[in-house]
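Report on one structure; see the data block that follows.
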Amino acid sequence: MLRPLVPGTDTGIYVVAGTPFLYLEDSFTLVMADLHLGFEEAASRGLVYSLRKTGGYPAVFIPRIQLRKTVNMLKGPLNALKVKRVIINGDLKHAFDRLLRQEREEVTELVKFLRENNVEEIVVVRGNHDNFVKPILLKLGVDFVNGISTVTRGKRVLFVHGHENVDLSEQEIVVIGHEHPSLKCFDVYRFPCYMKIPLPGGRMLVVMPATGPYHPGVVVTLTPSEYLSPLIRRQGSLKSMIITTWIDLGEVSPRSVEYFETPELVEYIRVDRLTAGSREYAIIEFRNYDVAQLLCRL
């Protein structure tokens, strides 16, 4: 169920098939971002917190599904992988200006679920939505930090949410959330995706998809001003970014094709076929933006 974040390079960081999660093998760490717990209550109360100022869900009652879907997504990796630590890379909760009742309850439920599944350490990296949650986290024994710097396979890796400009000069891989990137295909479908954006000096900025299902976020584009993160707007080379998404292929089939690549396509696209539990997924990597747009608009 694990696919290397950078095929052919031993970073020790993997994409977890069928989920918006990353896995750090050396430290047994599962990483997720942008859960936005409490969004449903905010919507029902007409509280809109979009930084893109493109509307929202004011005074609309929507099903409370985010926590349930998050827990269901976590069950597979927690059962199949050794997970000692979970990093939530920003925006655990949704409301900017208050702590909603749903936020308090669901944060507590999520922490309880992780602890019941033998997660020893939970760390929340502060996102721009994570105001007023610190007392709850401290009471639950959860670390609340501005960022996490670690070393995996000899590479310096920084986890920050991405809403603030930070010094990246000492980091080889920087992992952020904040953007909720998605790939729009045929002007209808939107697929959550990872963005791998080259930084000066051979370094890399990784943008994680959102965990919360109500937050499709920004459609991947080459226009820097369309992004919220100053790290993307000011430092990334969008023209050379690699886009990775996935498709659920359904129940596992008898045949096993783990990796597909032909000489004609090797420069443009890579497809890995992996199983997670009883389901099969195709992880599709477009080697640049133009290839993704060409194939998605056929």
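Laboratory data are not the source of any read-out in this text; all were calculated from the coordinates shown. Note that the structure is a prediction, hence the values are computed from the model and not measured. For neighbour counting, all protein chains shown are included, and Cβ atoms are generated from backbone atoms with ideal geometry for every residue, glycine included.
Details
- Highest-MSF residue in the chain out of Gly127, Gly76, Gly202 [GNM, Cα springs under 10 Å]: Gly202
- Sorted ascending by nearby beta carbons within 10 Å, beginning with the fewest, Met195, Met73 become Met73, Met195.
- For Ser253 and Val6, a Förster radius of 25 Å and the Cβ-Cβ distance give a FRET efficiency of 0.35, rounded to the nearest 0.05.
- Rounded tilt (10° steps) of 101-116 against the dominant C-alpha axis of the chain: 60 degrees
- Here is the short version for the chain: Cys193 have no other Cys C-beta closer than 4.7 Å.
- Cross-link pairs beyond the 21 Å C-alpha cut-off, checked among Lys84/Lys112; Lys69/Lys112; Lys75/Lys155: Lys75/Lys155
- Estimated purely from DSSP H runs of n ≥ 4, each contributing -39500 (n - 2.57), the mean residue ellipticity at 222 nm for the chain is -5500 deg cm²/dmol once divided by its residues.
- For the stretch 95-118, the residues whose backbone nitrogen is under 11 Å from a point 7 Å from the Cα of Asn131, taken along Cα to Cβ, are 95-99.
- Hits among aspartates and glutamates - C-alpha to C-alpha of Lys239 under 13 Å, sequence gap 8 or more where chains match: Asp290
- Antiparallel bridge percentage (DSSP; both residues within the chain; nearest 5): 70 percent
- Placing R0 at 22 angstrom, the Cβ-Cβ distance between Arg279 and Phe61 gives a FRET efficiency of 0.10 after rounding to 0.05.
- Order of Phe28, Phe21, Phe61 under a 10 Å beta carbon neighbour criterion, fewest first: Phe61, Phe28, Phe21
- For the stretch 95-129, backbone nitrogen atoms closer than 18 Å to the point 7 Å from Ser27 Cα along Cα-to-C-beta are found at 119-127.
- Reachable aspartates and glutamates, given that their alpha-carbon falls under 15 Å from the alpha-carbon of Lys139 and they are not under 8 places away in the same chain: Glu103, Glu105, Glu106, Glu109, Glu121
- Among residues other than Leu249 with Cβ under 10 Å from its Cβ, the summed charge is -1 (Lys and Arg +1, Asp and Glu -1).
- Close amide H contacts of Arg156 (hydrogens built in the peptide plane, cut-off under 5 Å, sequence separation of 5 or more or a different chain): Glu172, Ile173.
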